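Report on the structure given below.
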Amino acid sequence: MPKTVPTSARRPVSPSEAKSPAPKRASDFPARRPGWMNSDELAEAVAEVASDLVDYQSMSDAELRIATKRRLKAEIDFIANDNFTKPGCGQEVFGESLELAPRQTSLGIAAIRKSGIDLPVHLSRLCEAPLLKPDQERMLFQRMNFLLQHASMHRALLNPDRPSRRRLELIDEMIRLAEWHRDRIVEANLRLVFSIVKKFVNTNNGFDELLSDGIVALIRAVEKFDFDRGFRFSTYATQVVRRNSYRTVVVNQEERQKVAGGIQDMDIDISDDERTSAISEKRWHELRSRLAVMLNDLDRREKLIIRARFSLGSHRKVRTLQSLADRLGVSKERVRQLERRAMDKLRAMAGDVKLADLEA
């Protein structure tokens, strides 16, 4: 197993930090491909990411300057390691054989069966990667952060006035290689996501949404995990994915309550019997689609105000009359008038909605 440094020599680097470990002069860190990038251990990853790399050679000088500025704006998040900048570290990091086991179809099928949920067979492909051994997991995290730290060092030497095609190419390739190693960790832990999110599935929270959110949470966990603290990644990932799934359920519940409150404000009669029983997924989507149709009959300002005031659509927070007035460039009283007019229109349209159709 490759050598690692003590925890005290490591620190997390967030995107908000202005400084990255880098030489003071470009001449100290030339824009050429280092020898360790030609190692056999990187050959597979290099071949896979080649098609995703940007062709900087065909860019004009103006396009190259724009690309350089764009790269400087994009922070690189990683776990820093002082030893990563020492001579020969690259050969040491990529000197050991990773020996990842091939994907197995049987593992994916078994994961689907264990989920206890009627899922499409194609989802089994997400769970075909075997679990990682502790040494493999550590090596993947070490290589991912090593690549990102070196990409950050090259990034710190970019100059928009004198853009370097070769340095931009190196940064892109190192980042793509780091993502390749990240994806190997993610793939090996997707069965963990399946086992967690299935516990939150019910009539109001579908498996697809929870799985999608869970995978995003898993990716964030990989990017934030400090592999040198002495515990397995699965312990940390379990907490992150479970917390994220719980938050998704809570947000969905709050959105349903807000929409239900909006229906009541529009004088749509829903019996007490219907309130005490759970609204089926089909009827819920029907209500939302009808609300969307009614909102589309409002003019642009009215639609914006109603959505913002009732936290519908992309609006996660209820907006105040004053904030809307500032955005629209009108007075607070004018926003109030527009809201009242929009609500009158919705009430009139709601009178034509036949809720009996939703009872089937």
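Things to note:
- Ala47 being surrounded by 14 or more Cβ atoms within 10 Å (Cβ to Cβ) and at pLDDT 90 or above: no
- Candidate set: segment 181-207, residues that are among the aromatic types (Phe, Trp, Tyr) and open to solvent by 10 Å² or more (accessible area, probe 1.4 Å); chosen: the one nearest to Glu48 (Cα to Cα): Phe207
- Selection status of Pro34, at pLDDT below 90 and open to solvent by less than 90 Å² (accessible area, probe 1.4 Å): no
- Boolean, Ser60 is modelled with pLDDT of 90 or more, polar (S, T, N, Q) and either open to solvent by 60 Å² or more (accessible area, probe 1.4 Å) or over 29 Å from the mean Cα position of the chain (by Cα) (or both): yes
- Test for Ser16: is it modelled with pLDDT under 60, among the polar types (S, T, N, Q), open to solvent by 90 Å² or more (accessible area, probe 1.4 Å) and assigned to a loop (DSSP other than H, G, I, E, B): yes
- Test for Glu128: is it open to solvent by 20 Å² or more (accessible area, probe 1.4 Å), in contact with a Lys or Arg (Cβ under 7 Å, 6 or more places away or on another chain), at pLDDT below 90 and not β-branched (Val, Ile, Thr): yes
- Between Ile79, Ile66, the distinction of being farther than 27 Å from Val197 by Cβ, β-branched (Val, Ile, Thr) and under 27 Å from the mean Cα position of the chain (by Cα) belongs to Ile66 only.
- Those residues of segment 73-89 which are more than 22 Å from Pro34 (Cα to Cα) and either in a helix (DSSP H, G or I) or at pLDDT 95 or above (or both), in sequence order: Lys73
- Selection within segment 208-249: residues that are among the aromatic types (Phe, Trp, Tyr) and crowded, with 19+ Cβ neighbours inside 10 Å. The member of this set that is modelled with the lowest pLDDT is Phe227.
- Residue check for Val186: in contact (Cβ under 8 Å) with a residue 12 or more places away in the chain, assigned to a helix (DSSP H, G or I) and farther than 30 Å from Gln91 by Cβ: no
The values are calculated or read from the model by the stated rules, or taken from the named source; none is laboratory data. Only a predicted model underlies this, so the values are computations on that prediction, with no experimental measurement involved. Don't worry about glycine lacking a Cβ; one is built from the backbone with ideal geometry, like all the others, and counts go over all protein chains shown. Please note that ligands, DNA and RNA were not included when accessible areas were found on the heavy atoms of the full protein model with its side chains. Shrake-Rupley method; radii C 1.70, N 1.55, O 1.52, S 1.80 Å.
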